[in-house]
Amino acid sequence: MSTLPHCPHCLMPVPGAATLPYPPSAMRCPNCRLIIGAGRARAEAVADEGEARSRGSAAGVLANAARRVQAEVGDREEVLDGLRRTAALVGSGVERLRMLDYQQAADRDPTLLDLSVVLATFTTWKAARAAAATADVAEVAVEEGGGASAQVA
Ligand SMILES: [Zn+2]
């Protein structure tokens, strides 16, 4: 129900902005740090804050930034291996690995392929993650959400 100015990139409400058009001059979004051109804020009506948060996560912004890099397609196995190693590192299942976590890990670990290469190879983060999770399934017996890891052999 909100008609407050929202960032066109991350769709989060722009703090301190109450009316459209906004902003009067180009500004940097405090949430995603991309530039909002003068008058370019949107009256994006979002159902609730939670939805805005999930849609406006830094991940989408990250993906767009990575796609702008003309990355070479990488070796599939190397990409998948990187995803699995990162998932192990952050302690989440590879199917739940967040792009943000991968990006941060790749920043620190030169042996991990750049996120842009992952996306160039698999087109989307979800596809890359799914491929890594699928290839993993043989070893990691289905671990349904929640703490109970029932190893069904
Ligand atoms: Zn933003």
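The values are calculated or read from the model by the stated rules, or taken from the named source; none is laboratory data. These numbers were taken from a predicted model, which means no experiment stands behind them. Ideal geometry is used to build each Cβ from the backbone, glycine not excepted, and the neighbour counts take in all protein chains shown.
Take ARG53 and tell me if it is within 23 Å of the chain's Cα centre (by Cα), closer than 21 Å to ASN64 by Cβ, at pLDDT 85 or above and of a type outside the set (S, T, N, Q). No; evaluated as a whole, the condition is false for this residue. Counting the residues of the stretch 110-153 that are crowded, with 16+ Cβ neighbours inside 10 Å and modelled with pLDDT of 85 or more gives 17.
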